[in-house]
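Asker: The structure follows.
The values are calculated or read from the model by the stated rules, or taken from the named source; none is laboratory data. These numbers were taken from a predicted model, which means no experiment stands behind them. All accessible areas refer to the heavy atoms of the entire protein, side chains included, with ligands and DNA or RNA removed. Shrake-Rupley method; radii C 1.70, N 1.55, O 1.52, S 1.80 Å.
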Amino acid sequence: SNRGTFSSTFAAFHAHRPLLPSELRHLHEHRYAVVPGWLTDAADIGALRADSLAVAAHGSLCGVGRSGARRVDEGIRRSRQCTIIRPPPSNSAGCVDTRACLVRAVHSLRAELQGAEQLRVGQPRSGRAALPHLAPHETELLYLNYPIGGHYRRHLDQPYGDAGWQRCGRAASDGGSLSGARTRRAVSFVIYLNKGWDAADGGALRLFPAHERLYGSQVSVGHVADVLPE
């Protein structure tokens, strides 16, 4: 089984490199950073790729829209997802050890970002905010699979409405139990697991300025980077 195949070779998975000072500065100054080779072992990447395919049947089509009003619209987003944190896939699917090691690596990254001196000082006039507290229990982690022709049109990971804050719990339409607590995404990250990717294959992640709306709703200053999914 996949579980038996990977658990013995992946148990020591920890091969990720620390972020460079230059990458941390770029994240603070430009609100994004590209980190080549964060996972340093090809075998680790292969194991994660195999696990993501093994659990694909336990996933679902990706939705769009805010929490409580999400819907599937393949004209905007065509991909599938399988959550790893909150809730995880069945233990009978793929390799539990592989996913547990990935979770530990991501929590290590969270701690590294939280402790980075470069991210502690905000500069409000330039729009550079100090990194807020990153609560361990608020981390979201999932596998995303984009088929041939898959896409996700231009969007905001953190909506402008209500400054990005969303209430915790379930909406009344889902049975209620919304609490008074609120949460807001502070950091988004993508770990690519593709092998042998070429620019001609397309699929680049196109990034736009963090505060483009300040230039006016009818004006676009263009994208700032195209990141290959490799």
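Asker: Cα centroid distance between the range 58-98 and the range 23-52, in Å?
Answerer: 21 Å
Asker: In what sequence, largest accessible area first, do ARG154, ARG17 appear using a 1.4 Å probe?
Answerer: Result of the area sort, largest leading: ARG154, ARG17.
Asker: Now a separate question. Going by accessible area, probe 1.4 Å, with all protein chains left in place, what is the ranking of TRP38, TRP197, largest first?
Answerer: TRP197, TRP38
Asker: Give the ranking of ASP44, ASP226 by solvent-accessible surface, highest area first, calculated with a 1.4 Å probe.
Answerer: ASP226, ASP44
Asker: Now, a different point. Got a number for carbon plus sulfur as a percent of the range 29-76's accessible area, 1.4 Å probe?
Answerer: C and S fraction of accessible area: 53 percent.
Asker: Per-residue accessible area for ARG49 at 1.4 Å probe radius, Å² rounded to 10?
Answerer: The value for ARG49 is about 70 Å².
Asker: May I ask you to evaluate 6.51 cos²θ - 1.76 cosθ + 1.60, the Karplus curve with θ = phi - 60°, for each residue of the range 83-98 and list the ³J(HN,Hα) values in order in whole Hz, giving x for glycine and proline?
Answerer: Calculated HN-Hα couplings, in order: 6, 9, 10, 6, x, x, x, 4, 5, 7, 9, x, 10, 4, 4, 4 Hz.
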